[in-house]
Amino acid sequence: MNLCSASELVNNYRAWLKEKPQLKNLDTAVEITTPFLDCHNDYIQIYLLNSEGGLLLSDDGYTISDLELSGCNLNTRKRMEILHTTLNGFGVSLVDGALQVKANETNLPSQKHNLLQAILAVNDLFYVARANVQNFFSEDVSLWLDENNVRYVPDATFAGKSNFNHKFDFIIPRSKVAPERILRAINNPSKEGAMNMAFAWIDTIEQRKGNSQAYALLNNADKTIDKSISDALSNYGIISVPWTERSRYIEQFSA
């Protein structure tokens, strides 16, 4: 991997985050329109409010409401467990249907990053092509790893060089014959998802030891993945694993 291109990615990503957001003053909050897109290709909006003892960032309930309107009801114990586990990984709370995180003037950028990553993760986790889909992709990946006796640590969070935290779904520890393997399950592969994965990997790679390798598991069970997505991941040393071709990677994960 070219270090100059890695540095360029980090710098461009930071500039993109800084330049793209649009702010609008409302009566009781500031509306922040971010450059990230939801599953409807609409820009994700979050809200900054004054709170007792500091600031509060919230999605105003949009993420969960939109999922339910799209036919993905979070009315089972398993789904709520998955939701809370995902949010906890980013330090984000679910309060009266809204995703929110407390902040102050010092940590506002990192907390904004955490909330946005949580929104994207929840959108991806519960993305459904059909309303009657029962299983979630990350759970399918976990079951597949278990079935193939692959040892792993779920839901690991690493601090990056940028001081942003990045969450990965599965960490397979290094062995005598294989390096540490870092996996992220991407249910709805998109340009934004590839960019987030690439930035997370580049931002944390220097913190890992022993030539760690990153893998993006891409759900192509009922969709065709644009080649530009796997190409973009490959440019930053991330191996794309199409779900329908997962059997080819059993030896790499179980080593």
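The values are calculated or read from the model by the stated rules, or taken from the named source; none is laboratory data. Here the structure is a predicted model, which means the values were calculated and not measured. We place every Cβ from the backbone using ideal geometry, glycine too, and count neighbours over all the protein chains shown.
Hey, does segment 164-178 have a residue that's touching a Ser or Thr at 6+ places or on another chain (Cβ under 9 Å), polar (S, T, N, Q) and either modelled with pLDDT under 90 or closer than 19 Å to Thr86 by Cβ (or both)? Yes; the residues of segment 164-178 include at least one that is touching a Ser or Thr at 6+ places or on another chain (Cβ under 9 Å), polar (S, T, N, Q) and either modelled with pLDDT under 90 or closer than 19 Å to Thr86 by Cβ (or both).
Among the residues in segment 38-57, are any out of contact with any strand residue (DSSP E or B) (no Cβ under 7 Å at 6 or more places or on another chain) and surrounded by 13 or more Cβ atoms within 10 Å (Cβ to Cβ)? Looking through segment 38-57, at least one residue is out of contact with any strand residue (DSSP E or B) (no Cβ under 7 Å at 6 or more places or on another chain) and surrounded by 13 or more Cβ atoms within 10 Å (Cβ to Cβ). A Cβ distance below 7 Å, combined with a sequence gap of six or more or placement on separate chains, defines the contacts here; from segment 57-69, residues that are more than 20 Å from Asn114 (Cα to Cα) reach residues that are surrounded by fewer than 21 Cβ atoms within 10 Å (Cβ to Cβ) and modelled with pLDDT under 90 in the pairs Glu68/Leu74.
Taking the criterion of being surrounded by 12 or more Cβ atoms within 10 Å (Cβ to Cβ) and at pLDDT 80 or above, the residues of segment 10-34 that qualify are Ala29, Val30, Glu31, Ile32, Thr33, Thr34.
The residues of segment 75-90 that are hydroxyl-bearing (Ser, Thr, Tyr) and over 17 Å from the mean Cα position of the chain (by Cα) amount to a single one, Thr76.
Segment 146-255 holds helices (runs of 4 or more DSSP H) entirely within its bounds, and those carrying 1 or more residues that are surrounded by fewer than 20 Cβ atoms within 10 Å (Cβ to Cβ) and polar (S, T, N, Q) map to 227-235, 250-254. Contact annotation: residue pairs with Cβ atoms under 7 Å, 6 or more positions apart or on different chains, pairing a residue in segment 153-168 that is of a type in the set (D, E, K, R) with a partner that is modelled with pLDDT under 85 and loosely packed, with under 15 Cβ neighbours inside 10 Å, are Lys161/Glu206.
Within segment 130-139, is even one residue in contact (Cβ under 8 Å) with a residue 40 or more places away in the chain, closer than 29 Å to Gly237 by Cβ, crowded, with 22+ Cβ neighbours inside 10 Å and in contact with a strand residue (DSSP E or B) (Cβ under 7 Å, 6 or more places away or on another chain)? Checked segment 130-139: at least one residue is in contact (Cβ under 8 Å) with a residue 40 or more places away in the chain, closer than 29 Å to Gly237 by Cβ, crowded, with 22+ Cβ neighbours inside 10 Å and in contact with a strand residue (DSSP E or B) (Cβ under 7 Å, 6 or more places away or on another chain).
Within segment 198-237, the set of residues being of a type in the set (Val, Ile, Thr) and either in contact with a Cys (Cβ under 9 Å, 6 or more places away or on another chain) or on the phi > 0 side of the Ramachandran plot (or both) is empty.
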